Structure formats: structure tokens, C-alpha cells
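The values are calculated or read from the model by the stated rules, or taken from the named source; none is laboratory data. What you see is a predicted model; the values in this text were computed from it and never measured. Every residue, glycine among them, receives a Cβ derived from its backbone with ideal geometry; neighbour counts consider all protein chains shown. Quick note on the areas: whole protein, heavy atoms, side chains included, nothing else; ligands and nucleic acids left out. Shrake-Rupley method; radii C 1.70, N 1.55, O 1.52, S 1.80 Å.
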Amino acid sequence: MTSPETLAFMELAVHQAKLAMDALEVPVGCVIAEDGKVIASGRNRTTETRNATRHAEMEAIDVLLEQWQKNGLSRSEVAEKFSKCSLYVTCEPCIMCASALSILGIKEVFYGCSNDKFGGCGSILSLHLSNNRSLNNEVPSGRGFKCVGGIMASEAVHLLRTFYEQGNPNAPKPHRPLARQA
């Protein structure tokens, strides 16, 4: 059974995803919470910024990093703060985002639908597990974090389907004709 607090945070992440869709971005949104309060939110902004790394999670992380650096927190204090944070995101973090979350030492991640093409929390790679190794297999790539999926998954899938069924106006034009549907 999912807690009311988790559902409330996930609803806020879904709201961020809707804002992304309204901006013609892939509808993924997230919030980061600490001690039961939202301290950052993010939505996909890859098209708007023309930067493929501007996923919802990275947007929220950057808000916190900027805020904590302005407050004069040291690297160890920033790490301590992240270790007390929970991230709620509509779609399983991709490999890039899961790796960043692991390196930052986030406490836990709750997500909606799985990411069968790029998922970094079990669908493709399991970067949330603490025993992962870096690509050269010499040093651990991160600390690992608790990960729970399937929360409000149908809402997340609905937003993604709606976005892709209407066609992504920002997608590159195909170089070859699309196959005809029989």
C-alpha cells in the first residue's frame, strides 16, 4: 500500500509532467522532498534549452545545488543533505539520471512507469544498487538508493501516450518514409 504522502508527492510530479507537456516537452516531472516538504521540482526542458541533459531530475538537482552553494554548504554538507532527500518522478530515471542520483547519494526514489528503453533503476541497468561498478570495474560508481516503482504508473503512461500519439513536433523528421500500417 502506497502512503498518502507518497501519493501526494507523486501528484505534484504529475503536475510537473503536465507543465512539460504544455511546453511541448516529453511529459516527465519530479519533485524532491526532505522532511515531508517539497524542496525542489523539475520537468523535462530538453527542447526548450536545446540540451539533452535537461531531464526533470537534473533540473531539480540543479535547483538544490545552486541553493545550497549560495548558502555556503560544503561538499560534505551537500552530500549529507542529499542523503536525507526523496525523489518522486513520473517515469523511471534514465541511466544518466540514475547514475547522477547514485553519485549524489539520494536516499530514495519513487517513480511511476518503467522506462523500457533507457531505465537506470532496473529496466535496463540497476544503478540504484550499491554494488554497481564503474564502466572500468575498478571503483563503485555510487552509493545506491532505495527505489520503488509503479506509483501512479497509469497516469504517467497516459501522459506519455497522449504526447506521442499527438506527435512530437520537436522530433527530427525521419530520413526514410514510415512503414505503412496494414
Item to check | Sequence-distant residues sharing a close amide H with residue 124 (under 5 Å, placed H) | outcome: 119
Checklist entry - Which cross-chain or sequence-distant (5 or more) residues have an amide H under 5 Å from the amide H of residue 147, H modelled 1.01 Å from N in plane? => result 109
Checklist outcome for this item: Rounded to two decimals, the Debye log10 I(q)/I(0) of region 10-120 (Cα scatterers, no solvent) at q = 0.11, 0.14, 0.18 Å⁻¹ is -0.31, -0.51, -0.84
Next on the checklist: Going by average Cβ density within 10 Å per residue, which order do the peptides 62-73, 23-34 take, highest to lowest?
Outcome noted: 23-34, 62-73
Checklist outcome for this item: Karplus ³J(HN,Hα) for region 93-104 (6.51 cos²θ - 1.76 cosθ + 1.60, θ = phi - 60°; Hz, whole; x = Gly/Pro) runs x, 5, 4, 4, 5, 4, 5, 4, 5, 5, 4, 6
Checklist outcome for this item: Once all protein chains are kept in place, residue 96 shows an accessible area at probe 1.4 Å, nearest 10 Å², of 70
